[in-house]
Amino acid sequence: MHAKKDSLPASILASIRSRKKRLDAAQLEARPRSAGTLIASYNVHKCVGTDRRFDPERTSRVIHEIGADVIALQEADTRFGERTGILDLGRLERETGLIPVPVPGMAKAHGWHGNVVLFKKGLVHDVHQIRLPGLEPRGALVAEIELEEGGVLRIIAAHFGLLRHNRAQQARTLVELIKDRHEMPTILLGDLNEWRLGDRSSLNTFQSAFGELPPAVPSFPAGLPLLALDRIIANRKGIITEVEAHDTPLARIASDHLPIKALVDLKSVAD
């Protein structure tokens, strides 16, 4: 008999096989952190966990656990009506130092179409709200942040739709946005909702602006990650370290997505 070939991508198989070896929350906190700006992306699923409990405080604890300097959240507001924010941002700031990038015209929402960017230290120079095409109400939040350690970083926080042709349209919209400003180090991060890899992926559109995409890191579903729906992509080679999932007992239950994270080093690229 012939050996059966693996039907799952190697990166996903590796994620499953190494799961038992992953660090718990206490070990993660004790592990020394490398130099650089820690960025993260987290679909908080409107603070509803895999146990179907609505628990914003638990979501905040995961954010605290990550310890990011800049973090993009998706589904941080209610979806309909006034899109009211569902996290206690005041408490989050007191406990983590993270403050939201200001979004004009959003009286009750944390961000734009459920996207919010939080940062610890630095100055925000420019903020844009981008309505993305498609059948669902989707958007992206673009912010240029002058980091305390030096340098300006453009963050594009996005949440793409569930339909493949809509995701391709949304990717093209963002590529058009940055094509004339390629000189600034840019990080695209968020729930891009694309589970396909290789030639079938709608994210291939980004290669014209971001180059070869980094390896996919499974982040969904949180209990046993198989699909790389969440991404962190940079327009400069070598600007970010290897992307990894923040896989802890608390993160596995607080949302249906695991957070993902990476370190940014602006010193690695010329001004």
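The values are calculated or read from the model by the stated rules, or taken from the named source; none is laboratory data. Computed from a prediction, not measured in an experiment: that's the story for all the values here. When we count neighbours, we look across all protein chains shown, and the Cβ atoms used for this are built from the backbone with ideal geometry, even at glycine. Accessible surface is based on the protein model in full, side chains and every heavy atom, while ligands, DNA and RNA are left aside. Shrake-Rupley method; radii C 1.70, N 1.55, O 1.52, S 1.80 Å.
When each of the peptides 191-203, 64-76 is scored by the mean number of other C-beta atoms lying within 10 Å of its residues, the order from highest to lowest reads 64-76, 191-203.
Taking a sphere under 15 Å around the Cβ of residue 99 and counting the other residues whose Cβ falls inside, with K and R at +1 and D and E at -1, yields a net charge of -2. Highest mean first, the peptides 128-136, 55-63 sorted by other C-beta atoms within 10 Å per residue fall in the order 55-63, 128-136.
Taking label points 7 Å from Cα along the Cα-to-Cβ direction, residue 126 and residue 200 give a separation of 3.8 nm.
With all protein chains in place and a 1.4 Å probe, the accessible surface of the range 99-258 carries 55 percent carbon and sulfur.
Of all aspartates and glutamates in the structure, the ones whose alpha carbon falls short of 17 Å from that of residue 120, not counting any fewer than 8 places away in one chain, are 65, 69, 88, 93, 95, 144, 146, 148, 149, 265. Accessible surface area normalised per residue over the range 35-264 is 41 Å², counting heavy atoms of protein chains with a 1.4 Å rolling probe. Neighbours of residue 246, meaning other residues whose beta-carbon lies under 9 angstrom from its beta-carbon, give a summed charge of -2 when Lys and Arg score +1 and Asp and Glu score -1. The label-point distance for residue 78 and residue 208, in a model that sets each label 7 Å from Cα toward Cβ, rounds to 4.0 nm. Using the Cβ-Cβ distance between residue 95 and residue 175 with R0 set to 35 Å, the FRET efficiency from 1/(1 + (r/R0)^6) comes to roughly 0.40. Each eigenvalue of the Cα gyration tensor of the range 53-142, multiplied by 5 and square-rooted, gives one semi-axis; in descending order these are 21, 17, 11 Å. Going toward the positive end of the dipole of the range 35-264, with +1 on Lys and Arg Cβ and -1 on Asp and Glu Cβ, which of 171, 42, 254 do you reach last? Going by the Cα projections, it comes out as 171.
Can you pull a Stokes-Einstein diffusion coefficient for the range 35-264 at 20 °C (1.002 mPa s), Rh from Kirkwood over Cα pairs, as a whole number of µm²/s? Value of D from the Cα-based Kirkwood radius: 124 µm²/s.
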